[in-house]
Every structure is written in structure tokens, then in C-alpha cells.
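So the structure is just underneath, and the comments pick up after that.
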Amino acid sequence: MFLMSQIMVSSLFYKYINKNYMITFNMSILISMLYLKSNNFIWNSYTLFMFDSVSMSLIMLTYWMVILSLMASNLTLKNNKNFFLFVFILLNALTMTFMTYNFLTFYILFELTLIPILMLVMGFGYQPERINAGVYMMMYTMFGSMPLFIFILLMNEKSSLLFMPMISLATLSSKITSFWFILATLGFFMKLPMYFIHLWLPKAHVEAPLLGSMILASILLKLGGYGMILTSEMFLYSAQALKIWSPLAMLGGTLISLLCFTQIDMKSLIAYSSVAHMSLVLGSTMTCTKWGLASSLIIMLGHGLCSSGLFLLANLMYERSNTRSLLMNKGMISYMPSITMWWFLLCIGNMAAPPTINLLGEILAFISLMNMETLFSMPLGVMSFFGAVFSLYLFYLTQHGKGFMMSQAKSPNKVQEMLNLFLHWMPLNVLLFMSYLIMP
């Protein structure tokens, strides 16, 4: 049944490439949702692939964002069919990653997703620096995940148990030291990424094509958070050793929020804001509490929708002004007033203002972290304040002030662009009133 649904979606993708039918793509996401819903989150211990509420939420986010990113990249799809091939391989690899509960299979698929996105960055990027960005991304993520691979081999040798829901039942604390638990988490931290090991992300975003930036921000960064949620019960055996990560996450989130104010490239600023949000995901996941894990999932879903929409807006301005500089794109409210509303809606979503689902995620994260340590209230307050300030900073610099007259900036916006932005914003707000569907 799953293979049939993949074939149906695949055929719809090709139809879109040839005739540009956007409605067909929205039907494909409904097909995938109905298929997942029909299974009622049943765990099947006799198969390699299965899913629960967490993986189903991320699979639906994957299909949704791949479709929206393809809608935004229709010109590239028409000019190069290999572009779609890499995207389709990435879609299937991500779907299988979110459905597997075998630790070794998860690691293989976890690393396999790097290949299609690397091809998208290096093959379809705009500048010669894309080669450097691709090498940075590959080296950071591959070498960072080597301790995770060694941890899996040690676990297989000592306990012969790689089925993740049952690993927590094994007495791993007496067989595998806390040192290896800490090293194993580095593979997930690289994918988030955590501050101090985040340098590959801004480079990859700046050099990637629009589709690469949208998928990288909305889905691939969530692999690290998903891996931590899956292995959170194992962390309980090493809870004392892992408490070091939450203070580091708070420190990193605070520093990266301040670093956002030094950026003059729109894509770079949005990329650094992603690191700030993922720092909150890291901190709340390391609490290993139900509220902490729920907040991590909610923030990941909200960030996936919001950051992808911001990258789309940055690209719309780049196509008309031929620059991503915040200094050159001032006063866009005079040239592109219809886009100003979407900048405002997505920027307030980025700062977790109501009624976006990010608000619920941050409230749960604050509660879980302050439950763990009351002193976390200070860095959390600083992160929340500067998170709002740099979102307003992005909106103010792009929309207000005296801009440079550019004839291209006055070109009318397409209905397809408005529809794409609406499909980013709508679930970001609707999910707040349907949060019971995604709570793990």
C-alpha cells in the first residue's frame, strides 16, 4: 500500500513538471495524509518500517514542504528534470528515515539523506562557493556522526538489541558508559545544528537554490531532533551526564540570537535564526520529560513551516532586486506592498506570537526547562526577547526606510506565489487549535 501511494505521488509530480498543475500537488498531499490516518498509528513489530504520532507528523510535514518547494521551483524543474530526480530520492529517503525503528537502518538512512541535498547544493547552487559549502556540510555531518555509528556497533555487540522502542528495557547503563552516550548525541547535534558546530548551515543555506534552502530548513534540520526524541528513553540511563547539554544549548541560543544582528544577508540571518530555534529544541529534549519532548516536536513543526516561508520571501525579493542584502532591499513596502503582509505574518510567527503553534511549543519548552533548573529562566528570557527583536529587525529593515528604486521590484506578484505563502502560513496557525493531533 505504501509503495502504491509513492507511485501515485510520483506520477502526480511528473504531471506537475509537464503541465504545471498546482492543484494536483495538493491532492497528492491529501493522499499521503489519508493513507497515514487510515493506519491509526498502529505499531507493527514484525516489519522494519512503522510509525507513531511523532513520525507521522514529520512525514506529513515532509510531503507538505516538498510539494510547496516544488511549486516555488517550477522554472528549475522545467529546465532540468534531474532536479526532480534528486528531490524524489530525498523524499523517499526522508520518509523511510521517519518510519524506521531499527537503530542501524535509521543511521544509514540518516546519512543517506545527505547525498540528494548535497547534489542540490553543489549542482544547482548559484555561486562558485557552493563547492566549499557542500564540503563543509559533508565533513561536519559525516565526521560528527561517526561516534553515533561506533555507539550503535558497541550496543549491538554488548546487547544485540537495535530495536529502538525496546532498547530502554536493556541494562545499558552497566554495559555502555555515559561517555559513549554523550558522544553518540553529537551526531544528532550536528544535524540540528547545535551552536559551536553550526558553521556548515549558513554556508549551505546561502549557496543552496531555493528548493534546497526550503527543504534543508523545514525537514533536514528536524532529523537531529527526531533522533533525540527516539532515543530519549535511552538518555534516562545517563541523565546526569547529559545535563551538561541543556546549559550549553541555552548559552548557544543566547549568543546566536545576538549574532543575528550582525548579518546583512537575508538568507544568512534566517539561517542563524534557525540555529537559535533548534537550541531551544535541544534544551527541551534533554530534559527527557513528556512536556519537553512535546515542545520539541511542536517547535520543529512550527519552525519548518515558518523558516521555509521566510526563505521563499527572501527569494521573491532576490528575483526582483537581484540582491539579498538587507541594506539594498530597504523600503520594499513601496515596491512590493502585497508581500509586506506575508513578511509581517511570518516574522511574528518566527517570534512565536499568537496564534501560531510556535507559541505553544515555546511555553511548553520554558516550563520543562525551568522545571529542570530554575536558573534557566534568565537565558530563556534573553532568548525569547532577542528572538522577537531580530524578527522585528528583519521586517523593519526590509520593509521600511528609504530604498533604492528598482524597476524589477515593481513587477506584479504571481497568484502561485501568493498561494504558496498562504499554504505556509495557514497550517502554522491552524495547528494551534489541533495540537492534540500532534502531541507525542
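Of 367, 348, which residue is of a type in the set (Val, Ile, Thr), closer than 30 Å to residue 207 by Cβ, out of contact with any Lys or Arg (no Cβ under 8 Å at 6 or more places or on another chain) and modelled with pLDDT of 90 or more? The match here is 348. Applying a threshold of 7 Å to beta carbon distances and a minimum spacing of six or more residues, or different chains, the list of pairs starting in segment 380-399 at a residue that is closer than 21 Å to residue 331 by Cα and ending at one that is assigned to a helix (DSSP H, G or I) and of a type in the set (Ser, Thr, Tyr) reads 390/257; 390/273; 399/340. Taken as a whole, the structure leaves residue 188 outside the set of residues that are assigned to a helix (DSSP H, G or I), in contact (Cβ under 8 Å) with a residue 24 or more places away in the chain and surrounded by fewer than 22 Cβ atoms within 10 Å (Cβ to Cβ).
A quick yes/no check of all residues on (1) buried (at least 22 other Cβ atoms within 10 Å of the Cβ); (2) among the charged types (D, E, K, R); (3) outside any loop (DSSP other than H, G, I, E, B); (4) at pLDDT 90 or above:
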position: 291; (1), (2), (3), (4): no, no, yes, no
position: 296; (1), (2), (3), (4): yes, no, yes, yes
position: 299; (1), (2), (3), (4): yes, no, yes, yes
position: 305; (1), (2), (3), (4): yes, no, yes, yes
position: 310; (1), (2), (3), (4): yes, no, yes, yes
position: 327; (1), (2), (3), (4): no, no, no, no
position: 330; (1), (2), (3), (4): no, yes, no, no
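When restricted to residues that are of a type in the set (Phe, Trp, Tyr), farther than 25 Å from residue 71 by Cα, modelled with pLDDT of 85 or more and surrounded by fewer than 17 Cβ atoms within 10 Å (Cβ to Cβ), segment 371-424 contains 2. Hey, any hits in segment 207-230 for a residue that's over 20 Å from residue 90 (Cβ atoms), among the hydroxyl-bearing types (Ser, Thr, Tyr) and touching a residue at least 24 places away in the same chain (Cβ under 8 Å)? No, because not a single residue in segment 207-230 is over 20 Å from residue 90 (Cβ atoms), among the hydroxyl-bearing types (Ser, Thr, Tyr) and touching a residue at least 24 places away in the same chain (Cβ under 8 Å). Residue 60 fails exactly one of the following numbered conditions: (1) modelled with pLDDT of 85 or more; (2) not in a helix (DSSP H, G or I). What is the number of that condition? If we test residue 60 against (1) modelled with pLDDT of 85 or more; (2) not in a helix (DSSP H, G or I), just (2) comes out false. Residues in segment 97-135 that are in contact with a strand residue (DSSP E or B) (Cβ under 7 Å, 6 or more places away or on another chain) and under 21 Å from residue 217 (Cβ atoms): 109 only.
The values are calculated or read from the model by the stated rules, or taken from the named source; none is laboratory data. Computed from a predicted structure; not experimentally measured. Cβ atoms come from the backbone with ideal geometry, glycine included; neighbour counts cover every protein chain shown.
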